[in-house]
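Could you have a look at this structure, given as structure tokens, before my questions?
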Amino acid sequence: MTTKFDEKYQIVDLYGNDHSPWVQSVLLCLYDKNMSYNLRTIPTLSLFFKSGVMMPAMRLKSYIWKLDSADILQSLGCDPILNSEKKLIFKTWQGVQHRVDNPFKFFYAFSICKGFHNKKFFNLFNHAIRPLTSIYFFTLLNIIKIKIKKFTYNEKFLEQYIHWNDKLAAQDTSYFGGDSLNIVDYQLFGVIQCHCSIPYSPLIKTLQEEKDLDHLRKWISNMHNKFADYPHLYSANFFNPKQKIIRKASFLEQTIYWSGLMTFLLLLPFTLILILILLIRRK
């Protein structure tokens, strides 16, 4: 039985980075429900020993950490998602390996992620340690890239979105949930935010221009209107109606991030051992 958190309780504590589609899906739901949150980009020690750097993880004070975006969204009141649709949403993540095509662009994108914790010192600490998770995901995505290389020789991104375009056409509704959002709306829009956070041009152009995705683009427009002031809207400048570009990290936060990255690179043997342990522990 799903346990639902009472929205009138304390501020939500959420671990993850808003480049992750699954973290984005939770952030979108929290925003839609007008729930306050602290976003930490490094896990607590107890969470780290429990699940490494797996994200997202969410808790309310006095509650244990809850993992997996689908489980978290259900705890926030969403109906469960069918396994078949879960697989089709994951399929739309195809192309994510191109995030590491340009290493500097990858780490720069992480350096400008603004802190969203209500304590300024904790935000700065997050920026200092965040490079470790950046290095971890850079390594993981490169491993994925090598593994799927033979399957991505002639990539076409239309197929992974056709199902969702046709579903919207058949429903003739503003959202996948009808007049209100459901778990598909949150997760699929989260994937699109991920793709836009470090954009890969052929994939983005497919979403922007492919004539067979008219209904999906209309849905994106509806989501843009609904989330006009959402502070993690990476798609803001890629789709109509254009919205406000998200605020970047301050100069101090960026400086601390790059200093932390240089430190982890100088301590490369230690960093590699830690990354290897995290990869082995990955579920």
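The values are calculated or read from the model by the stated rules, or taken from the named source; none is laboratory data. The shown structure was predicted, so the numbers you read here are calculated from the model rather than taken from an experiment. Methodologically, a virtual Cβ is constructed for each residue, glycine included, from the backbone with ideal geometry; neighbour enumeration extends over all protein chains shown.
Does Asp214 satisfy being outside any loop (DSSP other than H, G, I, E, B), exposed (fewer than 14 other Cβ atoms within 10 Å of the Cβ) and among the acidic types (Asp, Glu)? Please lay out each step first, then the result.
Details: outside any loop (DSSP other than H, G, I, E, B): yes; exposed (fewer than 14 other Cβ atoms within 10 Å of the Cβ): yes; among the acidic types (Asp, Glu): yes.
Against the criterion (outside any loop (DSSP other than H, G, I, E, B), exposed (fewer than 14 other Cβ atoms within 10 Å of the Cβ) and among the acidic types (Asp, Glu)), Asp214 qualifies.
Here is a follow-up. So Ile245 fits all but one of (1) farther than 22 Å from Gln160 by Cβ; (2) touching a residue at least 12 places away in the same chain (Cβ under 8 Å); what number is the exception?
With (1) farther than 22 Å from Gln160 by Cβ; (2) touching a residue at least 12 places away in the same chain (Cβ under 8 Å) applied to Ile245, the lone miss is (2).
Here's a check for you: in the range 172-183, which residue that is closer than 12 Å to Leu216 by Cα and not charged (D, E, K, R) is surrounded by the fewest Cβ atoms within 10 Å (Cβ to Cβ)? First the steps, then the outcome.
Filtering the range 172-183 down to residues closer than 12 Å to Leu216 by Cα leaves 172-176.
Checking the rest, the ones that are also not charged (D, E, K, R) come to 173-176.
Details: Thr173: 14, Ser174: 19, Tyr175: 18, Phe176: 21.
Looking at the filtered set, the residue picked out is Thr173.
Being at pLDDT 95 or above and not in a loop (DSSP other than H, G, I, E, B) is the filter here, so list the residues in the range 222-250 that pass it.
If the condition is that a residue be at pLDDT 95 or above and not in a loop (DSSP other than H, G, I, E, B), then Asn222, Met223, His224, Asn225, Lys226 are the ones that fit.
Oh, and also: Is it true that His195 is surrounded by fewer than 18 Cβ atoms within 10 Å (Cβ to Cβ) and either in a loop (DSSP other than H, G, I, E, B) or touching a residue at least 60 places away in the same chain (Cβ under 8 Å) (or both)?
Numbers: surrounded by fewer than 18 Cβ atoms within 10 Å (Cβ to Cβ): no; either in a loop (DSSP other than H, G, I, E, B) or touching a residue at least 60 places away in the same chain (Cβ under 8 Å) (or both): yes.
It is false that His195 is surrounded by fewer than 18 Cβ atoms within 10 Å (Cβ to Cβ) and either in a loop (DSSP other than H, G, I, E, B) or touching a residue at least 60 places away in the same chain (Cβ under 8 Å) (or both).
Mind counting the residues in the range 104-139 that are hydroxyl-bearing (Ser, Thr, Tyr), without any contact (Cβ under 8 Å) to a residue 40 or more places away in the chain and closer than 16 Å to Met54 by Cα?
First pass over the range 104-139, keeping only residues hydroxyl-bearing (Ser, Thr, Tyr): 108, 111, 133-134, 136, 139.
Next, from what is left, pick out any that are without any contact (Cβ under 8 Å) to a residue 40 or more places away in the chain: 108.
In the following step, the residues that additionally are closer than 16 Å to Met54 by Cα were identified as none.
Number of matching residues: 0.
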